[in-house]
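Structure first, commentary second.
Please treat every number below as a calculation from the coordinates, not as lab data. Quick caveat, the model's predicted, so the values are computed rather than measured. A quick note on method: Cβ atoms are made from the backbone with ideal geometry, for glycine too, and the neighbour counts reach across all protein chains shown.
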Amino acid sequence: MSDKPRDETSAVRLDRWLWAARFYKTRSQAAEGIDGGKVQLNGARVKRSRLVHVGDTVRLRKPPYEWILVVTALSEHRGGASEAQLLYQETVESANARERIRLGLRAQASVAYDGRGRPTKRERREIDRMKDRQD
């Protein structure tokens with residue numbers, strides 16, 4: 001990173017940007033994510049008031065997924081989903097990793113009971129057998 005100061009007029013607070021980019025439904029949820037260490041800016045843990053500039057790298061973890069984004073535009077206002085997608089560019093590695101996780105989760109067998117009401121004794125044993133196989 002260069003030593004010359006950045007123009008503060010072309011910057012947005014990190015919590016506002018994450019909210020405008022639709023990674024969180026509310027600014028307070030974005031702030032909680034940042035405070036909880038789920039968000040890094042340019043490889044460092046930051047506070048919610050940190051200013052985001054075009055070209056910055058944001059790493060966002062919302063288990064089980066993780067995004068690595070490059071900021072391409074700034075906005076303090078939340079718009080539609082198509083507008084939000086213009087604010088960032090996801091790295092190829094990040095997109096591939098998320099796709100692998102998505103396919104892995106989809107391939108896992110569902111353990112949830114799909115019947116009606118309480119399971120019978122026989123159904124309970126089948127559920128327990130399936131749970132034991134996954135452990």
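What you get for region 8-134, charging only the Cβ of Lys and Arg (+1) and of Asp and Glu (-1), is a dipole of about 820 debye around the Cα centre. For Asp15, Asp56, the sequence from fewest to most other C-beta atoms within 10 Å is Asp56, Asp15.
Along region 88-96 the Karplus relation, 6.51 cos²θ - 1.76 cosθ + 1.60 evaluated at θ = phi - 60°, assigns HN-Hα couplings of 8, 10, 7, 5, 5, 4, 5, 5, 5 Hz to successive residues, with x for each Gly and Pro.
For Lys47, a cut-off of 23 angstrom between C-alpha atoms picks up these lysines, skipping any fewer than 8 places away in its own chain: Lys4, Lys25, Lys38, Lys62. Note on Arg22 and Ala44: with the Förster distance fixed at 25 Å, the Cβ-Cβ geometry gives a FRET efficiency of about 0.60.
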